[in-house]
Amino acid sequence: MWPSYQDEHEFNAHLVCRMCCMDERDRVQKKTFTKWVNKHLMKVRKHINDLYEDLRDGHNLISLLEVLSGIKLPREKGRMRFHRLQNVQIALDFLKQRQVRPFHAFPWLWLL
């Protein structure tokens, strides 16, 4: 059943409250997952500060997959956009070969 609102102001206030709760939940999930990633990257002496930015070039993403799988993966050495996209593609191909649905396992991947 839909809640009833006395006026548009009350409805807008409710929407703002809901959006703030969603933003807070996203912030907590991002922080939690960043800690989890760092726990694993620590094994190869790497660290990320921002989940979205620091996995974007694919290098740390590949390192994370290597730590989790125990398998050495190829990677592009350059820093140009092409190299970053290649590295992310290497990670996605690796997950696909193992029948992992990347956007379920790593929902933030669509932001890369």
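Apply 1/(1 + (r/R0)^6) to the Cβ-Cβ distance of LEU68 and LYS31, taking R0 = 22 Å, and write down the FRET efficiency to the nearest 0.05.
Values: r = 20 Å, r/R0 = 0.91.
Here the calculated transfer efficiency is 0.65.
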Query raised in the report: How far is it, in nm, from the label point at GLN86 to the one at LYS43 when both lie 7 Å from their Cα along the line to the Cβ?
Result: 2.7
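Net charge near LEU51, counting Lys/Arg +1 and Asp/Glu -1 over other residues with Cβ under 14 Å of its Cβ? Don't skip to the end; give the middle numbers.
Values: positive: ARG27, LYS30, LYS31, LYS35, LYS39, LYS46, ARG56; negative: ASP26, ASP50, GLU53, ASP54, ASP57.
So the environment of LEU51 carries a net charge of +2.
With the Cα gyration tensor of segment 50-102 in hand, convert its eigenvalues to equivalent ellipsoid semi-axes via √(5λ) and list them largest first in whole Å. Could you put the intermediate results ahead of the total?
On the way: eigenvalues 60, 28, 24 Å².
Working through the eigenvalues yields semi-axes of 17, 12, 11 Å.
Using the Cβ atoms and a cut-off under 15 Å, what net charge is assigned to the surroundings of HIS83, where Lys and Arg are +1 and Asp and Glu are -1?
+4
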Report task. Under 13 Å from a label point 7 Å along Cα→Cβ of ARG79: give me every residue in segment 37-62 with its amide N that close. Result -> 57
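Each reported figure results from applying straightforward, stated rules to the coordinates on display, with no laboratory input. The model shown is predicted, which means the values in this text are computed figures rather than measured ones. Cβ atoms come from the backbone with ideal geometry, glycine included; neighbour counts cover every protein chain shown.
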